[in-house]
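Let me begin by presenting the structure, written as structure tokens, before commenting on it.
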Amino acid sequence: MNPQKSTMSNPARIYLLHHPDSKLAARLADRIYEWFRLPNLEGIPVYLRSRPVKGRKHPLPPDGKLADKRVQYFIPLIDAHMVRDPAWHDYLMEIATQCAASARRSPEGWGWRMFPVSLDSTAFNLPEAVSRLNFIRFGLKTSPKPVDPKNTTVEENKARKAWEESESEDVLKHLTEAFARDLNGRLFPEQAQERFQIFISYARADSTEEAKALRNYIQGQTQCLVFFDENDIGFGQAFGESLEHNAGENSKALIVINSDHYAERPWCRWEIDRFSEPRPVKLSGGSTIQVFHPMLVVEKMSGPKVSRVVPELGLAPVVRWEPGREALIFSSLMREVVMGLRDVLTARLMKWNPQSKSDLVVNRLPSPVMLAKLLRPAASGGKKTMPKVIHYPGHGLPYTELQLLRKTFSSVRFHAFRDITRALNDTMRGACESLERSHEEAPPLQGRVIVVSTAHHREDLAELGLLPQNQDEALIHLLRPLIRLGADLMYGGRPPKQNMEAAEENLAERNITLTLMRLLNSERSVEQSWPEVRSRVRRRPLGPVLFNPSSWPTCRSVTEVDEAAWINVCRVKRVMPSDAKLPEWKLDVPDSKAKGREILHGFRRHQALTMSAMRRMLAEGFPCEIPSRKQDRVQAAAFVFIGGAVDVFKGVMPGVFEEFLAAATSSSRVPIYLLGGLGGATRIIADAMLNPRKTPSSALTQSHYQSPKAINSSEYNALIAELEPGEKTAVADQFRELWRIIQSAHGKPGISGLLANGLTEAENRTLLATPNTVEAVSLVWQGLSRKFLSK
């Protein structure tokens with residue numbers, strides 16, 4: 001029953017539609033992305049349709065065709081900007097018409113569905129195909145009074161932010177519930193008209209206040225039903241019989257209120273056990289998937305009593321109880337419902353080979369208790385044959401979890417639906433499999449440092465139908481197998497904690513270093529993280545690390561405590577003015593955001609030239625001692641360029657330009673990979689390589705950034721004015737050298753000769769142009785395999 005070796009795309013997608021001038025819609029779009037995509041990218045892919053492609057009136061059309069076996073949800077975030085734009089009327093009409101046709105012609109359950117969200121009262125002036133739908137309404141609660149943005153008090157800002165947060169939570173709640181009902185109806189048409197029933201499990205020995213609050217909220221503020229034993233077991237009715245029926249057949253989701261006495265109550269444990277019995281659902285080729293209903297744990301331990309864990313809860317997500325946050329609890333549960341149903345859809349689309357019918361397919365991440373229940377003979381119709389493989393959803397369990405299961409269930413293999421190795425080329429997949437078999441083998445990319453040069457360029461991404469978060473997805477997808485093969489990473493930018501709070505508030509400006517650190521942590525085993533464990537288990541050195549050259553003054557925020565906390569996963573290299581042969585900056589670092597305060601003369605120069613020194617370090621290497629390693633110098637093995645800001649920057653030229661120039665002229669001549677199809681500064685370089693011309697495009701000239709038309713011109717001209725004459729000449733020379741390097745790609749040995757990345761000329765041309773992230777990432781893997789893995 002092994003599925004074919006192919007990467008499995010998500011069978012469900014979400015498209016967020018909003019006018020590019022709507023700032024509220026943009027913020028809400030970020031919230032919707034984070035909610036449904038999940039930090040580990042195991043959720044539903046979310047894409048954007050907002051800014052029109054240059055030369056067109058409309059954004060890009062949705063990917064794929066109506067007949068594709070995929071569920072696509074369209075969420076127009078509608079305000080006056082969209083309503084007053086005739087081009088958007090046409091665009092929405094076309095999609096709404098397709099959605100209506102899909103509802104009539106899709107007996108298999110695939111198709112398109114629209115859930116419009118009104119941000120103000122003008123939304124109902126859209127064409128009838130849209131306005132006749134039942135809108136999710138943002139702003140039903142009392143809105144703060146309109147204020148002048150230039151004269152807003154701190155209290156008014158807080159009030160507006162709190163209001164927007166509350167309204168956003170309501171939108172997420174309604175969308176999550178709508179998706180759950182829609183997906184359930186598609187999978188199980190006989191249940192299409194049924195309302196979801198939620199079972200609340202709680203210990204009467206503790207307070208029933210939380211259970212009643214959740215019951216009242218779900219019954220009064222949602223379209224779901226609740227089974228609550230205090231009200232729903234009739235007087236004189238058998239207690240156990242009613243619980244067995246409602247904890248099994250009737251209820252579709254479970255909320256566990258884990259209070260002080262919960263773990264010691266037999267009925268509570270029985271309810272979980274009864275509820276966690278899987279239900280077999282047919283797949284193609286006579287196979288079945290074991291469908292588990294979703295569970296959510298509400299943590300409410302508050303007293304002095306020492307309690308126990310409840311192992312039956314397995315990997316169920318946990319939310320802390322907080323009065324007034326019932327909406328979040330309900331939404332979190334319904335999100336689990338959506339993801340579980342999506343995983344059944346995924347299994348239905350996979351082509352199963354019926355060679356081994358004893359294998360098991362599940363729609364939930366496996367835990368020891370779940371597996372013990374599944375592997376008993378009764379779970380497979382009384383068969384005594386032990387299953388050889390457990391197929392489970394997602395990209396794969398965290399490595400530590402997977403190791404635990406392998407040790408406990410040593411005769412069983414675990415395959416994720418979208419395991420990254422299925423998407424790899426033969427060489428890289430073989431290296432991963434070989435490394436998995438031999439614990440003594442040294443990782444083939446051990447000691448190789450992959451430099452990532454990236455930044456978000458939101459407007460370019462919007463034209464491509466992407467959010468900045470989608471660019472990060474491509475980066476994570478690219479790097480995950482490289483980390484498994486032992487590669488280190490390097491990124492020159494903000495250290496992990498810099499502006500972390502601001503990053504949470506403004507998701508488009510979140511910290512890329514922190515994203516890379518989280519990826520490293522998720523891919524490292526216990527042995528790779530802790531020397532004392534490693535010494536007992538295997539001989540490999542500590543796992544991959546992230547090198548983070550961080551330029552002054554940003555690096556001043558890093559403390560000794562920070563460095564000690566990160567030492568086994570991230571090494572911050574402070575790049576100071578002295579590295580740029582500048583004197584120490586002795587004055588306080590100015591606050592450029594303070595009203596009425598000018599930046600001190602010379603600060604821009606110190607900052608920009610120190611950043612230039614940092615970018616040269618990326619290409620030329622630098623001394624750095626690493627715990628448990630003999631090496632004392634970090635040296636780049638390859639550069640990967642994605643995106644890059646070209647409008648607002650603080651250096652002598654856009655950062656990706658300067659880093660590309662440093663990489664292309666370095667003495668080590670490392671491979672360079674340019675993912676030009678994702679926009680930004682990388683696309684400007686790629687376009688110039690693909691389209692020969694005698695003179696550089698304006699974006700590749702210094703005069704462009706000094707022009708009043710440039711967003712950053714006032715800051716940039718102030719920087720140039722602070723430079724010494726020789727430094728000004730050097731900056732002008734850098735722009736000319738960049739153009740010369742790009743021009744060299746038009747002669748012999750061509751683009752492939754310039755980039756020296758293991759790809760052919762034709763492959764490089766594809767990499768420079770394709771907006772398809774899967775295609776681009778696969779090409780980078782191919783080039784790296786040829787450079788470092790081929791024997």
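The values are calculated or read from the model by the stated rules, or taken from the named source; none is laboratory data. Predicted model, so just to flag it, every value in this text is computed and none were measured. Because the Cβ atoms are built from the backbone with ideal geometry, glycine has one as well, and the counts that use them run over all protein chains shown. Just the protein is used for accessible areas: all its heavy atoms, side chains included, with ligands, DNA and RNA removed. Shrake-Rupley method; radii C 1.70, N 1.55, O 1.52, S 1.80 Å.
With the simple spin-label model, which puts each label point 7 Å out from Cα in the Cβ direction, the Ser667 to Ser697 separation comes to 3.5 nm. Accessible area ranking (1.4 Å probe, heavy atoms, ligands and nucleic acids excluded), largest first, for Met611, Met93: Met93, Met611. Between Glu436 and Val648, the distance separating the two model label sites (each 7 Å from Cα on the Cα→Cβ line) works out to 4.4 nm.
Within the chain, which DSSP H helices have Cα atoms that stretch 15 Å or more along the helix axis and a mean Kyte-Doolittle hydropathy of at least -1.0?
Membrane-span-like by this rule: 23-37, 86-105, 326-349, 426-437, 468-484, 512-523, 603-620, 680-690, 725-744, 773-784.
Taking a ≥ b ≥ c as the square roots of the eigenvalues of the Cα gyration tensor, an a/c ratio below 1.5 marks region 40-141 as rounded. Heavy atoms of the protein chains alone define the surface here; on that basis the chain has 45 Å² accessible area per residue at 1.4 Å probe size.
Computed with a 1.4 Å probe over protein heavy atoms only, the accessible area of Val369 comes to about 50 Å².
Here the extension length gained between Ser284 and Arg132 equals 50.9 nm, from 0.36 nm per residue of separation less the Cα-Cα distance.
Extension gain, Lys728 to Ala103, is 218.7 nm, computed as 0.36 nm per intervening residue step minus the present C-alpha separation. Rounded if a/c is under 1.5, else prolate if a/b beats b/c, else oblate: with a ≥ b ≥ c from the C-alpha gyration tensor eigenvalues square-rooted, which is region 299-371? Oblate is the answer for region 299-371, as a/c is 1.5 or above yet b/c matches or exceeds a/b. Leaving ligands, DNA and RNA out of it, work out the accessible area of Phe124 with a 1.4 Å probe and give it in Å² to the nearest 10. The accessible area comes out at roughly 80 Å². Could you work out the local net charge near Val670, counting Lys and Arg as +1, Asp and Glu as -1, over the other residues with Cβ closer than 11 Å to its Cβ? With Lys, Arg at +1 and Asp, Glu at -1, the neighbours total +2. For region 643-791, the alpha-carbon coordinates run over 53, 31, 28 Å along the three principal axes, in decreasing order. With a ≥ b ≥ c taken as the square roots of the eigenvalues of the C-alpha gyration tensor of region 439-496, please select rounded if a/c is under 1.5 and otherwise prolate if a/b is larger than b/c or oblate if it is not? It comes out prolate by the Cα gyration axes.
Checking the cross-link pairs Lys173/Lys650; Lys173/Lys300; Lys630/Lys787; Lys586/Lys728 against a 30 Å limit on the alpha carbon distance flags Lys173/Lys650 as lying beyond it.
These residues, Asp63, Asp359, go from largest to smallest accessible area, 1.4 Å probe, as Asp63, Asp359. Figure note: Leu546, Leu609 ranked by solvent-accessible area, largest first, 1.4 Å probe, ligands and nucleic acids not counted: Leu609, Leu546. Placing a pseudo-label 7 Å from each Cα along the Cα-to-Cβ vector at Lys158 and Thr559 gives an inter-label distance of 2.5 nm.
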